[in-house]
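These notes are about the structure you will find just below.
The values are calculated or read from the model by the stated rules, or taken from the named source; none is laboratory data. Owing to the predicted nature of the structure, the values given are computational and were not obtained by experimental measurement. Every residue, glycine among them, receives a Cβ derived from its backbone with ideal geometry; neighbour counts consider all protein chains shown.
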Amino acid sequence: MWYVIEGYDGQDVLARRQAARPEHLARLHALRDEGRLLLAGPCPAIDAEDPGPAGFSGSLVVARFDSLQDARAWADADPYCAAGVYARVDVRPFRKVLP
């Protein structure tokens, strides 16, 4: 089943986000290579493609897992969590309809 993982950045975490980004992306590439990644990306903190020093308000991942428990475990192991980037992470089931 598909699951939405939403990470919400804490305050002043842009430097931590940038430092943890290579490990974070490696995990997303692994999901992609396994055919389990539908969508992933950050949410700019301002209305701009490149928010610069404003940074990001969080990230969104939609990926396939065997269970909600597996999706939560994957989300909890994210390098952004370990680095203190995310203040909160929500995981919930997702049903893809379109496209």
**Q.** Residues being at negative phi and part of a loop (DSSP other than H, G, I, E, B) - total across segment 2-38
**A.** 5
Q: Within segment 60-75, identify whether any single residue is in a loop (DSSP other than H, G, I, E, B) and polar (S, T, N, Q), and answer yes or no.
A: yes
(Q) Can you tell me which of (1) in contact with a strand residue (DSSP E or B) (Cβ under 9 Å, 6 or more places away or on another chain); (2) farther than 26 Å from Phe94 by Cα is the one Pro42 doesn't meet? (A) (2)
Q. Out of all the residues in segment 63-81, which are buried (at least 18 other Cβ atoms within 10 Å of the Cβ) and not small (Gly, Ala, Ser)?
A. Phe65, Trp74, Asp78, Pro79, Tyr80
Q: Please go through segment 46-85 and pick out each residue that is β-branched (Val, Ile, Thr) and under 21 Å from Gly10 (Cβ atoms).
A: Ile46, Val61, Val85
Q. Which of the following residues is surrounded by fewer than 12 Cβ atoms within 10 Å (Cβ to Cβ), in contact with a Gly (Cβ under 9 Å, 6 or more places away or on another chain) and either of a type in the set (S, T, N, Q) or modelled with pLDDT of 95 or more (or both): Arg95, Arg88?
A. Arg88
Q. Tally time: how many residues in segment 1-13 are buried (at least 17 other Cβ atoms within 10 Å of the Cβ) and more than 30 Å from Arg95 (Cα to Cα)?
A. 1
Q. Which one is surrounded by the most Cβ atoms within 10 Å (Cβ to Cβ), of the residues in segment 22-55 that are closer than 14 Å to Cys81 by Cα and touching a residue at least 40 places away in the same chain (Cβ under 8 Å)?
A. His24
(Q) If a residue must be touching a Lys or Arg at 6+ places or on another chain (Cβ under 9 Å), hydrophobic (A, V, I, L, M, F, W, C) and in contact (Cβ under 8 Å) with a residue 60 or more places away in the chain, how many such residues does segment 56-87 contain? (A) 8
